[in-house]
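Just so it is clear, none of the values below were taken in a lab; they were calculated from the coordinates. Please read these numbers as outputs of a predicted model, since none were measured by experiment. So basically every Cβ, Gly included, is an ideal-geometry build from the backbone, and we count neighbours across all protein chains shown.
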Amino acid sequence: MKQEKEHLTSEESLEIITRMIKTAQGNVKAGAFYFLLWGWISVIASLAHFYLDMYTDYPAPYMVWLIGIPGWIVTMLYSYKKASAARVKTYSDNLIMWTWIGFGFSILVVIFAGQHINFQITPLIMLFAGLCTFITGLIIRFKPLIIGGSSFWIFTPIAFYLPMVYSPLIMAVAIVFGYLIPAYILKKHNL
Amino acid sequence: MADFKDLDPLLHSQLRLAVMSLLVSVKSAEFVYIKEKTNATAGNLSVQIDKLSTAGYIEVEKSFKGKKPLTTCKITKKGLQAFEEYVNALQQYIRK
């Protein structure tokens, strides 16, 4: 497109429009980082939570979730760095960002409402995590993530049904299916 | 072959159409990004962006990224409408 061409045929016009629109799709692979980071944080924290609750007398096993704090710091630094390096802002990146910020607010509500919901915090967080993963998968049109997000609709009722002590264990399994497997596929996938 | 007199002349040009097509699909894009995706020269692209901006089809914001000047472009409502009309007119020509 070195020289400016003023006389285009309708086919040429259409070709330009479709090519440019395709070209503008964001780099969805970058999202794999967040799913891997939070996937591993959640799996480790869930398993530690389950172990402490089931096999030790430690009175506050949920404290292992404090490892989420460095996770938040890494997430904020990484997304800030990404955003300032990005030369284009896409609508899909924006939608995904707000979906997960919404997730953050939702889980805060769940955590602080703990005593009013019989401390069924883990299954509710799973439900929100699944929904947000499902929406993210739809936005980037990536099937493994859509399926991964949907799997939470199976794991969450199981977590509600079983005694509460098993919730973190179910959560760890759900995260492997819902976050980690799709994220590794996404990382490898050439979109 | 039908003539294109009804097609918006501002959009019916290779580079300006490419810029507009790129901008309809994103929230905003930096000058260097548009330059890379359209394979245009900086000089030519500047001229075409100025034309689109003067027509009110795009919004150009100049700022700094560190010490480097940064030009960010974004489509306006007027630009989006013009683009839609252009595509509609184009479809009608193709149907003929």
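Brief remarks on what is shown
- Annotation for segment A:29-83 versus segment B:25-41: alpha-carbon center distance of 37 Å.
- Extension gain from residue A:7 to residue A:173, taking 0.36 nm per residue of separation minus the Cα-Cα distance: 53.8 nm
- Prolate/oblate/rounded label for segment A:95-191 (Cα gyration tensor, a/c 1.5): oblate
- Residue B:74 paired with residue B:51, simple spin-label distance in nm, labels 7 Å along Cα-to-beta-carbon: 2.5 nm
- Prolate/oblate/rounded label for segment A:29-188 (Cα gyration tensor, a/c 1.5): prolate
- Listing A:63, A:126 from fewest to most neighbouring C-beta atoms within 10 Å gives A:63, A:126.
- Residues B:23, A:8 arranged by fewest to most Cβ contacts within 10 Å: A:8, B:23
- Surrounding net charge for residue B:63, when Lys and Arg each add one and Asp and Glu each subtract one, Cβ distance under 15 Å: +4
- Between residue A:37 and residue A:18, the simple spin-label model (points 7 angstrom out along Cα→Cβ) gives 3.8 nm.
- Rough spin-label spacing in nm, given labels placed 7 Å along Cα→Cβ, for residue A:101 and residue B:67: 3.3 nm
- In this structure, the pairs whose alpha-carbon distance is over 25 Å, taken from A:22/A:143; A:143/B:37; A:22/B:35; A:187/B:35, are A:143/B:37; A:187/B:35.
- Computed about the Cα centre, the dipole magnitude for chain B is approximately 340 debye when only Lys and Arg (+1) and Asp and Glu (-1) carry charge, each at its Cβ.
- The GNM of chain A, with springs linking C-alpha atoms under 10 angstrom apart, assigns the highest mean-square fluctuation among A:140, A:154, A:73 to A:73.
- Theoretical ellipticity at 222 nm over chain A - DSSP helices of four or more residues, -39500 (n - 2.57) apiece, nearest 500: -23500 deg cm²/dmol
- In terms of other Cβ atoms within 10 Å, A:40, A:65 run from fewest to most in the order A:40, A:65.
- Between A:88, A:28, A:173, the residue with the greatest mean-square fluctuation in the GNM of chain A (Cα pairs under 10 Å linked by springs) is A:88.
- Cα-based reach from residue B:62 at 15 Å (exclusive), listing aspartates and glutamates while leaving out same-chain residues under 8 positions away: B:30, B:50
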